[in-house]
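Scroll down for the structure; my scribbles are underneath it.
The values are calculated or read from the model by the stated rules, or taken from the named source; none is laboratory data. All figures in this text were calculated on a predicted structure; none of them were measured in a lab. Here the Cβ positions follow ideal geometry from the backbone for every residue, glycine too, while neighbour counts run over all protein chains shown.
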Amino acid sequence: MYKTDYLTNRILTQNTVYVQYRKTAKAPNITCPHRHYGYEIYYFQNGEATYIIGDKIYTLLPGDMLLFRGDISHHVNPSERRPYLRSILNFREEYMGRVLHPFVQERMKQLFNSSSGERLHWSEQESGEIEHLFSQIAQEEREQKLGHQDMTNALLTILILWILRKNEESITRSHLIHFQGQRETNVERALRVINKQFRKRMSLEDIAAEVHLNKHYLCHCFKQVTGLTINQYLTKLRIDEAKKLITETSKPIGIIAEEIGVGGVAQFSRLFRQYTGVSPRAYRQGDLR
């Protein structure tokens, strides 16, 4: 299951921007793939972490910035060895469409709409300027002084333009170079298989055979990189697909169970209740969505 980030959705329904500045505490959904409305700018400031967006794994360094659509499944797996510090900004695409030149807006959409996100890296000097922008936006949203929406518009526009210019620089000068270890490469291969074939009945042995790796070694790599076991990740995908089918179609529960690769109604109902807290029938009726 991809957990829906209802807090971000609620804020972006009411406001056009949701900013979290220098956040240190672990979020409740930190170990669970989740998704939400709008675009996300995730700025990593301190610690050690891997971030999974779709089937792409990013091993983060301080100064890294991730840019992606919120409706792509994503989650972070931070290390316990160092303090985990980041700033996050969510905004709606249509909001920026009212303040950006159409050409600039199109470049922004191209950058954020990558299927597995994009990464930029800011130097130490640049990072100070980026953090200052985050701080100003957070202050405007917190204090709500006269003209705060116009000021937030201006500051967010500056941030997006800096991001687009940095991306151009990174492409033309090849400044953005990150080396990925074999462990992360192995897990990305497994994620591609799982994300594509999760509706089929598949075992750990099936997945390991697809990526030509020892099952135990693959399980070890997957847990280290994502913070989840393969079975946990696979089950979450299936339950999320089931939730969509339950709410968007009138298909019988037994058919849905078959379509997501779970099997019998009893097994599916037990698994669904375990992950959502309600039965499939209650979920269809609107309980705890």
Self-check item: Selected residue (criterion: farthest from T185 (Cα to Cα)) from residues of region 214-240 that are in contact with a Lys or Arg (Cβ under 8 Å, 6 or more places away or on another chain) and surrounded by fewer than 19 Cβ atoms within 10 Å (Cβ to Cβ)
Solution: T229
Practice problem: Tell me which residues, restricted to region 69-90, are touching a residue at least 12 places away in the same chain (Cβ under 8 Å), more than 27 Å from R192 (Cβ to Cβ) and either exposed (fewer than 15 other Cβ atoms within 10 Å of the Cβ) or out of contact with any Ser or Thr (no Cβ under 6 Å at 6 or more places or on another chain) (or both). | Solution: R81, R82, P83, Y84, S87, L89
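Could you tell me whether L245 is over 28 Å from M65 (Cα atoms), in a helix (DSSP H, G or I) and either modelled with pLDDT under 90 or not polar (S, T, N, Q) (or both)?
On the way: over 28 Å from M65 (Cα atoms): yes; in a helix (DSSP H, G or I): yes; either modelled with pLDDT under 90 or not polar (S, T, N, Q) (or both): yes.
So L245 fits the description; yes.
Step by step: first the residues of region 106-132, then only those that are closer than 18 Å to W162 by Cα, among the polar types (S, T, N, Q) and touching a residue at least 12 places away in the same chain (Cβ under 8 Å), then the one that is surrounded by the most Cβ atoms within 10 Å (Cβ to Cβ). Which residue is that?
Looking only at region 106-132, we keep the residues that are closer than 18 Å to W162 by Cα, and these are 106-113, 117-132.
Narrowing further to those that are among the polar types (S, T, N, Q): 110, 113, 123, 125, 127.
Okay, now just the ones that are also touching a residue at least 12 places away in the same chain (Cβ under 8 Å), so 113, 123, 127.
Working: N113: 15, S123: 11, S127: 17.
Result: S127.
Quick one: which helices (runs of 4 or more DSSP H) lie wholly within region 103-205 and hold at least 3 residues that are aliphatic (A, V, I, L, M) and closer than 30 Å to F222 by Cβ? Show your work before the answer.
Numbers: elements: 124-143, 148-173, 182-197.
Here the list reads 182-197.
Does I256 fit the bill of being in the same structural domain as N195 (by TED's automatic domain parsing) and over 21 Å from Q197 (Cβ atoms)? First the steps, then the outcome.
On the way: in the same structural domain as N195 (by TED's automatic domain parsing): yes; over 21 Å from Q197 (Cβ atoms): no.
No: the conditions fail for I256.
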